[in-house]
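What follows is a short report on a single structure.
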Amino acid sequence: MPNHPNFADPSGRITFTNAAGAVAPNWGRITATTSTSRQIQFGLKLSS
């Protein structure tokens, strides 16, 4: 797995405005990823 996040699509495919013509404040923001969180595994080998 590459060491980079896979971002989800931005919110809102179409620009929606309110009655005053202002764009929604959260339009176009990416707030999620499409893959799970990164995990790391450590190993230790002891020999005597």
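The values are calculated or read from the model by the stated rules, or taken from the named source; none is laboratory data. Fair warning: this is a prediction, and the values are worked out from it, not measured in the lab. When we count neighbours, we look across all protein chains shown, and the Cβ atoms used for this are built from the backbone with ideal geometry, even at glycine.
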Identify, please: which residue in the stretch 36-48 is at pLDDT 80 or above and small (G, A, S) and is, among those, farthest from the chain's Cα centre (by Cα)? S48
Filtered residues of the stretch 1-35 (kept if exposed (fewer than 10 other Cβ atoms within 10 Å of the Cβ), at pLDDT 75 or above and among the polar types (S, T, N, Q)): T31, T34
